[in-house]
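Below is one structure, written out as structure tokens, with a few remarks after it.
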């Protein structure tokens, strides 16, 4: 298993346990050299989004992965966590629909939850 897929597993599990909505993982490794995976999700409110960001950061840091950067804040409607090999986007539902990263990166490959955890 690659390090980036291990990071995806940790992040996905953290988001899922905190009840993130509609977690989507896109493999974009064949499209760009900036990262291997995008994880896109949304929360139900800004406090929920903040708890998602906090939990993902905590679990990845605990596993020894440091973020390159975090953009957006507690009052933001879109927070981006850049962990080099994976980039996690946590949105409000409205901003997720507006920016529609899934459409922008439609040439990437959607990775199913089963695929993530069978590796």
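The values are calculated or read from the model by the stated rules, or taken from the named source; none is laboratory data. Just so it is clear, the model here is predicted, and its values are computed rather than measured. Cβ: placed from backbone, ideal geometry, glycine included. Neighbour counts: every protein chain shown.
Here are the numbers for the structure shown:
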read-out	value
Residues satisfying the stated conditions in the range 55-79, i.e. surrounded by fewer than 17 Cβ atoms within 10 Å (Cβ to Cβ) and at pLDDT 95 or above	58, 61, 62, 63, 64
Top-ranked residue in the range 61-96 [being over 16 Å from the mean Cα position of the chain (by Cα) and not in a loop (DSSP other than H, G, I, E, B); ranked as farthest from residue 37 (Cα to Cα)]	94
Boolean, residue 117 is farther than 13 Å from residue 7 by Cβ, surrounded by fewer than 17 Cβ atoms within 10 Å (Cβ to Cβ) and touching a helix residue (DSSP H, G or I) at 6+ places or on another chain (Cβ under 7 Å)	yes
Residue that is surrounded by the most Cβ atoms within 10 Å (Cβ to Cβ) [pool: residues in the range 1-54 that are in a strand (DSSP E or B) and more than 10 Å from the chain's Cα centre (by Cα)]	43
